[in-house]
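Here's the structure we're looking at; comments come further down.
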Protein chains: 2
Amino acid sequence: MAAAEWWEALVAAAAVGGTAGSSTTVVSICVFTAVLCLCLVAGHLLEENKWVNESITALIIGCLIGAIIFLLTKGKQSHILRFDEQLFFIYVLPPIIFNAGFQVKKKQFFHNFMTIMSFGVFGVFISVAIVSAGCYWLFPKVGFGKLDASDYLVSTDLIDNSALGAIFSSTDTVCTLQVINQDETPRLYSLVFGEGVVNDATAVVLFNAIKNLNISHLKGEVVLKVISDFLYLFATSTILGISMSLSTAYVLKALYLGRHSTDREVALMALMAYLSYMLAELLDLSGILTVFFCGIVMSHYAWHNVTASSRITTKHIFATLSFIAETFIFLYVGMDALDIDKWKTSKASFKTSISIFGIIILLVLLGRAAFVYPISILSNNMSGSSERTPITFKHQVVIWWAGLMRGAVSIALAYNQFTFSGVTSDPVHATIITSTIIIVFFTTLVFGFLTRPLISTMLPRHSRALSRGHSTGSNSPNDDFTLPFFSTDEDASGSGIVLEQAKRSISLLLERPVHTVHIYWRKFDDKFMRPIFGGPQSH
Amino acid sequence: MAAAEWWEALVAAAAVGGTAGSSTTVVSICVFTAVLCLCLVAGHLLEENKWVNESITALIIGCLIGAIIFLLTKGKQSHILRFDEQLFFIYVLPPIIFNAGFQVKKKQFFHNFMTIMSFGVFGVFISVAIVSAGCYWLFPKVGFGKLDASDYLVSTDLIDNSALGAIFSSTDTVCTLQVINQDETPRLYSLVFGEGVVNDATAVVLFNAIKNLNISHLKGEVVLKVISDFLYLFATSTILGISMSLSTAYVLKALYLGRHSTDREVALMALMAYLSYMLAELLDLSGILTVFFCGIVMSHYAWHNVTASSRITTKHIFATLSFIAETFIFLYVGMDALDIDKWKTSKASFKTSISIFGIIILLVLLGRAAFVYPISILSNNMSGSSERTPITFKHQVVIWWAGLMRGAVSIALAYNQFTFSGVTSDPVHATIITSTIIIVFFTTLVFGFLTRPLISTMLPRHSRALSRGHSTGSNSPNDDFTLPFFSTDEDASGSGIVLEQAKRSISLLLERPVHTVHIYWRKFDDKFMRPIFGGPQSH
C-alpha cells in the first residue's frame, strides 16, 4: 500500500516534533486545517439535529480521523501533533476567553455578579476539595496506587490529588449554552455563561497555586496560602486587564485611528488584548482572568470608539477565532483518544480503569451538586426582591447539569501536570491521562447528548416564556410559578408566597448595597470614564 | 544593573530556541506584540508626513529596539527571535499574498493582465539573469570569493549566484502603493500592484526552481528545465488555487452557512484560503501563487455568497492580518540589522562591503531598467487603442522606481539559501546576509524616503487628474499629453499624434484576441459559473 507507507513516513516524522522539519509541520497543518473545515461544514449540517452539537461533532470527527491514521500506520500512531500545552495556553485559550469577555452581556453579568462569583469561585473551591478528598480516600481502595510513584514526600501526593481536583472542576459550558435561549431565559443564560468563564479562570489559577505550593509548612498555612495567592492573583490580574483595555480605549479615542484605516483599529484591539494576556503570563499572573476583564472593558469602552466596520469586524473575528480554537481542541482530544502509547503505558487493569472512571464521575456529580444547590438557595435568599427572578429548582438542575461536561481546560491541565510535552512513562500518570480523556469523552458525548432533551423537559417553551416574562415585567401572578427557590410545580401554593414575602423584606436590606454600588458606578462612569475612554452615546 | 541582567538572562534563554521554554517564548511574544502596537500608533501619527511611511517606521523602531536590547545585553544580542523561514513562509507570507489577491481590483488587473505578467514574469527572468551574471562577473573583481566556500562543484557557485539574482529581483511595492492614488491613476496603480504580487510569486518560484536544480546536465538543458519547471509550477499552482476557492464558493452557496452563523462563514473562508496555501506547499507547488489566485477567485465568487457582516469582516480581517504580517517583517529586519554575530562572521573588509553593496545596488537599478522600459514600450505598441491609457515615460519611471525597494521576501530567501535556521558560520554567506540586510535597509529608507517627492514631481495633481480623465473618457484632446509612449511634455506635438494613429491601426488587430477572450469569459461566467458558484448580482 503506497498511500499507507507514504502517510506512515510523514506521520512518523511529524510525531518526532512539531517544529522539526518543514514537511512534517506542513502535513500536520494541512490535515488539521482540512479537518477543521470538515468540522465546520458538518457542524452546520447537524445544527438542527436534536442530539448532537458542535463539540460532539468535532470529537467524533477527531476520533474517526484518529482511527484512520491508526489503521494507515498499522496501530503505531493516532494523531499528527503531540499535545503541546504551550500551544494551548499561548495560542488557543486566549481567544476563547477574550471572546467570552467581549461578548458577555455586561448588564446581566454585573447584575448577577455576586451569584456568578459565588458559583465560579467558591463553587470551584468546594468542588476541588470534594474531588481531591474523594480521590485521596477512594483511589487506594480500588488498588490505584500513590499518584506520584517516585520516592518524594507524601506532600507531592497531596499536590497531585489537589491537581486532580482542579482538573476535574473546570467545566465546559459551551454544550449547554448552545441549547439555552438567551432571550427566553436571560438570567439562567447569564449565570451558566458567567459561571463557565469564571470557573475556567478559577480552575487554572487554583491549579497553578497548587502546583507552586511548597508544602514544607503546616497544613493550615497551606490553605491560607492558596487562598491569599488566589486573591492576590485575582486582584492583580483584573487590574492589569482593565488598565490594558482602558489604555486601548484611550488611544483609540484620542488618536482616532479610524480616520485613516479600519484595519489599524482592528489590529490594535486584537494586539492589545493578546498583549494583556501575555503580559499577565510574563508577570506570573493569570492571563485568563486578565484577558477576560480586558474583553469586558474593551467592549464597554474601546469598541465604541471605532468605526462601524471595525465594530462589525472585531465582533465577528473574535467570535470566529474562539470558535476555531474550540473546534481545534475537541478535534485534538478526539484524535488523542486512540493514542496507543498512553494506553500501553497505563498498566491499570480494565477493572481498575472502570473503577477509577466511576469514582471520578461520581465525585464530579457530587462535587458540583455540593455547591450549586446551596449557593442557589443562598442567592435566592439574598436577593429575593421584585427585580430579579430567583433561581428555581429547575434552573438549578440546569445549572448543575451545564457544568458536568469536562473539556479542553481539563485536558490541558492534566497534560500540564502529568506529562512532559505530552509524553509520560509513569504508568500512574498515564492512567490519569487516559482517565481524563475518557471522562472528557464520556461527559461530552453522553451528557452532551442528553442536554437538549433534558433542557426541553426542564424548560418547556411554556415555562421558558414565563421566565422571560419575569425578567421584563415583575410581580405578575405568574411569578408564583418560578419564584420559590425549592419550587416544583406543586410548591407554587399560598405558603410559598408567604415565605417569599418574608424573605423579600429581609433581602431588601441586604440588597441595598449592590444597588447603591450600581448607581454610583453609573454616575462615575458617565461623569469621568466615558469622557476619557469613550463609550456608547446613551444609556 | 538588575534590569539589564534580568533582560540578559531572558533574552539569552530566548535566543536558544523559540519553543524551548515557556518564559522565553512569552518574553519574545510580549516584546513583539508591544512593539507592533507601538508601530501601529507611530505609523498612524506619521501617516500625514511627507517623507516616511509604515515600512520605514517599522524598520526604524525595530532598529531602536534592537539597539536597546544590544545595550542592555552589553553587545551580545540585538534580537529576541532567531529568524525562522518556516515562521515566515508558513504564517507570515500567506496572509500578505492572499490579501493582495483578495483586494486586487479584478477588472483593472485582468484588463492589464498581459502587461502585468510581462513585468512580473519576463521582467524577473531578465532581472535575475542580469543580477546573477553581474555578481558572477563583478564579485571576484572586488576580492569577494567564490560564493560557496566548500569544495563542491563549480555549479554550486552558479546556483548560489542565481539564487542571489532571485533574492535581489523580488520587489517590495508597498511603499509606492501608499503614495499612488488608485482613483487618480488606476492603470498605473494596477500595474505597480499587479507587478508587485506576480513578481513576489515569480521570485519565490524561480528561487525554488534554481535551488532544486541538479546541474550535472548541460547548460542549455538547465535553462530549459528552469523554464519548464516554472511553467509547470505556475499552471498547477493556479489550478489548485482556483479549484480550492471555487469549492469554497460552492459550499458557501449550497449550504448557506450564514443562515446560522457569520462566524462559520468567516472561519471557512479563512481556513480554506490557508489550506490552499498549505496544500500547495505539501504538493511542492508554489503556495504563493496558489493563495494569490485563491484570493482573486474567492473575492469574485465566494465573497458574494456570504452575509453582509461576513463581507465586511473578511475584507477587514484579511487586510489587518496582512498589515500585521508586513509590520512584523520590517520590525524583524530592523532588529536583525544589529545582530553582531553576523557582522563578526562576515570577514569582509569595509572596502569590500562597500564594493559589494555598490555592485548590488547598481545591478538592481540596471536589472530593473532593463525590462521596465522595453516591456512598457512593447505594451504600448501592442495596445495603443482608444480604450487604454498607454504607459507614459513618467509612468515608466514610477514603475521602475516602485520596484527598487527590497523587502521581506528578499530577506526570507537570503536566510533560506545562506543560513541554517538563521545561523551561518561561513564568512561568505554571512557577508551575503549582511549585504542583503543593508540593501533592504538602504532601499527601504533612502529610496522609500524619496518616493513621495519623486511621485509628486512625476505625477503632479494636474497630470494625475489628466490620466484619470483618460481612463474614463477617451480620445479627448488631452490624450496627446499622455499617449506617446516616449512622451515628455514636448513630445505631445503633431508628429506624435500621427505616429500614434499609425500604431493604433496595427494594434487594433493585435488587440482583438484579448477583447474576444474577455467577452467570451463574461458570457461563460454569467451562464455557467455564477449560477453554480455565486457572484455579484449584476455586472
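Summary table
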| quantity | calculated |
| --- | --- |
| Residues (within 30 Å of the chain's Cα centre (by Cα), charged (D, E, K, R) and at pLDDT 70 or above) located in the stretch B:507-539 | B:ARG522, B:ASP525 |
| Count of the stretch B:252-270 residues which are within 7 Å of chain A (Cβ to nearest Cβ) and surrounded by fewer than 20 Cβ atoms within 10 Å (Cβ to Cβ) | 2 |
| Residue count, the stretch B:286-328 (criterion: outside any helix (DSSP H, G or I) and either without any contact (Cβ under 8 Å) to a residue 12 or more places away in the chain or within 13 Å of chain A (Cβ to nearest Cβ) (or both)) | 2 |
| All positions within the stretch A:271-285 that are among the aliphatic types (A, V, I, L, M) and at the interface with another protein chain (Cβ under 9 Å from one of its Cβ atoms) | A:LEU271, A:MET272, A:LEU275, A:MET278, A:LEU279, A:LEU282 |
| Filter pass, B:GLY295 being crowded, with 24+ Cβ neighbours inside 10 Å, of a type in the set (Gly, Ala, Ser) and touching an Asp or Glu at 6+ places or on another chain (Cβ under 6 Å) | no |
| Qualifying positions in the stretch A:415-449 - touching a residue at least 40 places away in the same chain (Cβ under 8 Å), over 19 Å from A:THR352 (Cα atoms), aliphatic (A, V, I, L, M) and in a helix (DSSP H, G or I) | A:LEU445 |
| Any hit, the stretch A:22-31, residues being modelled with pLDDT of 85 or more, more than 10 Å from chain B (Cβ to nearest Cβ) and closer than 20 Å to B:THR248 by Cβ | no |
| A:ASP336 vs. criteria out of contact with any helix residue (DSSP H, G or I) (no Cβ under 8 Å at 6 or more places or on another chain) and either among the aromatic types (Phe, Trp, Tyr) or more than 7 Å from every other protein chain (Cβ to nearest Cβ) (or both) | no |
| Any hit, the stretch A:224-238, residues being outside the structural domain of A:ALA58 (by TED's automatic domain parsing), buried (at least 22 other Cβ atoms within 10 Å of the Cβ) and at pLDDT 85 or above | yes |
| Selection status of B:THR248, crowded, with 23+ Cβ neighbours inside 10 Å, within 14 Å of chain A (Cβ to nearest Cβ) and modelled with pLDDT of 90 or more | yes |
| For B:THR419: the one exception among (1) more than 21 Å from B:ARG187 (Cβ to Cβ); (2) modelled with pLDDT under 85; (3) in contact with a helix residue (DSSP H, G or I) (Cβ under 6 Å, 6 or more places away or on another chain) | (3) |
| So B:LEU331, is it modelled with pLDDT of 80 or more and more than 8 Å from chain A (Cβ to nearest Cβ) | yes |
| Close pairs from the stretch A:179-193: first in contact (Cβ under 8 Å) with a residue 40 or more places away in the chain and assigned by TED's automatic domain parsing to the domain that holds A:ASN112, partner basic (Lys, Arg) and outside any loop (DSSP other than H, G, I, E, B), Cβ under 6 Å, at least 6 apart | A:VAL179/A:ARG452; A:GLU184/A:ARG464; A:GLU184/A:ARG468; A:THR185/A:ARG464 |
| Unique match (being surrounded by 19 or more Cβ atoms within 10 Å (Cβ to Cβ), part of a helix (DSSP H, G or I), at pLDDT 80 or above and touching a Lys or Arg at 6+ places or on another chain (Cβ under 6 Å)) among B:LEU36, B:LEU40 | B:LEU40 |
| Selection count where residues are within 22 Å of B:ASP336 (Cα to Cα) and within 13 Å of chain A (Cβ to nearest Cβ), scope the stretch B:42-64 | 6 |
| Filter result (under 23 Å from A:THR419 (Cα atoms) and modelled with pLDDT under 75) within the stretch A:48-85 | A:GLY75, A:LYS76, A:GLN77, A:SER78, A:HIS79, A:ILE80, A:LEU81, A:ARG82, A:PHE83, A:ASP84, A:GLU85 |
| Tally of residues being without any contact (Cβ under 8 Å) to a residue 12 or more places away in the chain and in a helix (DSSP H, G or I) across the stretch A:243-277 | 8 |
| Residue within the stretch A:206-217 that is of a type outside the set (S, T, N, Q) and at pLDDT 80 or above present | yes |
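So that you can scan it fast, the table gives a plain yes or no per residue for (1) at pLDDT 80 or above; (2) of a type outside the set (Val, Ile, Thr); (3) within 27 Å of A:THR238 (Cα to Cα):
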| site | (1), (2), (3) |
| --- | --- |
| A:VAL124 | yes, no, yes |
| A:ALA133 | yes, yes, no |
| A:TYR136 | yes, yes, no |
| A:SER190 | yes, yes, yes |
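Residue by residue, here is whether (1) under 30 Å from A:ILE433 (Cα atoms); (2) at pLDDT below 85; (3) crowded, with 18+ Cβ neighbours inside 10 Å holds:
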residue: A:THR314; (1), (2), (3): no, no, yes
residue: A:ASP339; (1), (2), (3): yes, yes, yes
residue: A:THR345; (1), (2), (3): yes, yes, yes
residue: A:ALA348; (1), (2), (3): yes, yes, yes
residue: A:LEU365; (1), (2), (3): yes, no, no
residue: A:THR392; (1), (2), (3): no, yes, yes
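The values are calculated or read from the model by the stated rules, or taken from the named source; none is laboratory data. Everything numeric here is computed off the predicted structure, so don't read it as measured data. With ideal geometry, Cβ positions are generated from the backbone for all residues, glycine too; neighbour counts draw on all protein chains shown.
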